[in-house]
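Read the figures in this text as sums done on the coordinates, not as results from a lab. Bear in mind the structure is a predicted one, so any value in this text is a computation, not a measurement. Note that we place each Cβ from the backbone using ideal geometry, even for glycine, and neighbour counts take in every protein chain shown.
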């Protein structure tokens, strides 16, 4: 895929999340954003024109590098949690029965395989508020469209086309007989080869779900920081004002958790839509 030196994904997936993370780090460290230092932050009366070029370049490079780190870490946390609990969207879309998400808060209700996956992914600790919020809403019977299937007859047609595509590279048998077969990986390259007019649309989906995945991670980590901050810095006061203050703090944490979960839903939405687009595109391809 032809890409410029600074693509939409670079901007949305790396630079903006990196800049946001640096801003939140400065806030969390107690820095004054208008007078942090003489060299790296601006004074009250400083204008944009007065900023030295090397400082602008420094912040751009630092934000971009931070964004790359966060993007990688989000695949180890948010994306891994999604795959463990919700499964792969390509398999959900082509399942002949409605698939159920796994439960995570009650160990007796999940298989040993899922338990081991959770134990081996310590990075999930960083998105613990998201996991708890997601699980609570699940037990409140909230249901989103990530697990929905492609309706018939499209599901059968797509599966037939996928078997044909694998047959062209010498694969024998039914692709779907092996549940571990990651057929979507081939479809990404196969569709780009034969439907390049849709490439920009697919890249937009990649940029959107990549951006929302990283923002979900940043939001969840910041919420974790706020929870520990309030626990360490606020003592229980049983007076009327103390109770009101505690309710206000809990309400703020709840709203922030809700915002984090909405970011997560946006990530699931565009992750599923990107996969759905790849599956449906194969129906437009004629055999070469």
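Here, the range 184-288 is characterised by an Rg to Rh ratio of 1.30, where Rg is the alpha-carbon radius of gyration and Rh the Kirkwood radius.
Hydrodynamic analysis of the range 126-225 uses the Kirkwood radius over alpha carbon pairs. Inserted into Stokes-Einstein at 20 °C and 1.002 mPa s, it gives a translational diffusion coefficient of 126 µm²/s. Fully extending the segment from residue 239 to residue 143, taken as 0.36 nm per residue of separation minus the present Cα-Cα distance, adds 30.6 nm.
As a proxy for reagent exposure, 79, 193 were ordered by neighbouring Cβ count within 10 angstrom, fewest first; the result is 193, 79.
The simple spin-label model puts a point 7 Å past each Cα toward its Cβ; for residue 227 and residue 199 those points are separated by 4.4 nm. Inter-label distance, residue 254 to residue 76: 3.4 nm, where each label sits 7 Å from its Cα along the C-beta direction. Look at 272, 213, 145 and count the other Cβ atoms within 10 Å of each Cβ; fewest to most, that gives 145, 272, 213.
So for 174, 134, fewest C-beta neighbours within 10 Å to most, what's the order? Can you show the working numbers first?
Working: 174 11, 134 24.
Starting with the residue having the fewest Cβ neighbours, the order is 174, 134.
Stretched out straight at 0.36 nm per residue, the stretch from residue 181 to residue 283 would grow longer than its current Cα-Cα span by 34.7 nm.
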